[in-house]
Amino acid sequence: MVRFFRQRSRVIGALGPPALFWLLIGSGLGKSFHMASATAASSANYLQYFFPGTVLLIVLFTSIFSTISLIEDRHEGFLQAVLVAPLARESLVLGKIVGGATLAVVQALAFLVFAPCVGFSFSLGGALYLVLTLFLCAMGLTAMGFLMAWKLDSVQGFHAVMNLFLMPMWLLSGALFPASGAPVWLAFLMRLNPLTYGLIAFQQTLHINGTPLSSTGPAPLVCLLVLTGFTGLMMAGSVRLARRG
């Protein structure tokens, strides 16, 4: 975290592009967007609908690309020194994942400051639920990045491989379009995507005139269970890989 905040270009690069995507895409598609179902969110404009998707994009990019430093540490010899030190591999994995997840959550919360500017409000319970789901998403995604970075030896290769997973996961989360208007096969893939449940959790906590942005979809407890399962699976895989060396 100290390294991250000392590099101002990384701070700007992590928050700037998602904010631009939100403004440009949200403004450009605003007039063509219409919620298919007559839900509480049917009056939401596209800037409001796309807002939680932008939060998810910030979490996704920051979490995944914070693990690039694992490849850099390997090239500089720092990782080898840590591996031969008398400490448990679990502490290495946990430190890396928690550090990257914390960065992602801090940046997502910084962007959420703008939520009242577009008409959103929070309840105290909703805010706590939002922070919890943000952290679970960030932990799972950082652990996913750890799995990839541990096996790869090239930063360029890491970018290529992760983009192959990142963009489809984000697009199939419902960040750009709701599942209600998607074809059956696409809606099925969206239900299999763990990030879909993270996005729904975000939407459930954002209120417009006292009503949640999303009043349909899985219950909050289901979203938490799916995110916890995804995070646990990714972390267990990371620990196993680190133990094998």
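A few points about this structure:
- Search result, residues across segment 58-88 that are within 24 Å of Thr231 (Cα to Cα), β-branched (Val, Ile, Thr) and without any contact (Cβ under 8 Å) to a residue 60 or more places away in the chain: Ile58
- All of Cys117, Cys137 fail the test of being without any contact (Cβ under 8 Å) to a residue 24 or more places away in the chain and assigned to a helix (DSSP H, G or I), apart from Cys117.
Residue-by-condition table, conditions (1) touching a Phe, Trp or Tyr at 6+ places or on another chain (Cβ under 7 Å); (2) aliphatic (A, V, I, L, M); (3) crowded, with 23+ Cβ neighbours inside 10 Å:
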{"position": "Ser173", "(1), (2), (3)": "no, no, yes"}
{"position": "Phe177", "(1), (2), (3)": "no, no, no"}
{"position": "Leu189", "(1), (2), (3)": "no, yes, no"}
{"position": "Thr196", "(1), (2), (3)": "no, no, yes"}
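- Boolean, Ala160 is aliphatic (A, V, I, L, M) and loosely packed, with under 13 Cβ neighbours inside 10 Å: yes
- Count of residues meeting criterion [assigned to a helix (DSSP H, G or I), more than 30 Å from Glu76 (Cα to Cα) and over 20 Å from the mean Cα position of the chain (by Cα)] in segment 153-186: 5
- The set of residues from segment 50-82 being among the β-branched types (Val, Ile, Thr) and over 30 Å from Leu171 (Cα atoms) comprises just one member, Val82.
- Count of segment 89-144 residues which are aromatic (Phe, Trp, Tyr) and within 19 Å of Val226 (Cβ to Cβ): 2
- Filtered residues of segment 123-152 (kept if among the aliphatic types (A, V, I, L, M), within 15 Å of the chain's Cα centre (by Cα) and crowded, with 19+ Cβ neighbours inside 10 Å): Leu130, Leu134, Leu136, Ala138, Met139, Leu141, Ala143, Met144
- Within the option set Pro183, Pro168, Pro218, being buried (at least 16 other Cβ atoms within 10 Å of the Cβ) and modelled with pLDDT under 95 holds for one residue only, Pro218.
- Identification of helices (runs of 4 or more DSSP H) wholly contained in segment 46-109 with 3 or more residues that are of a type in the set (Ser, Thr, Tyr) yields 46-65.
The values are calculated or read from the model by the stated rules, or taken from the named source; none is laboratory data. Owing to the predicted nature of the structure, the values given are computational and were not obtained by experimental measurement. Reconstructed Cβ throughout: ideal geometry from the backbone, glycine too, with neighbour counts over all protein chains shown.
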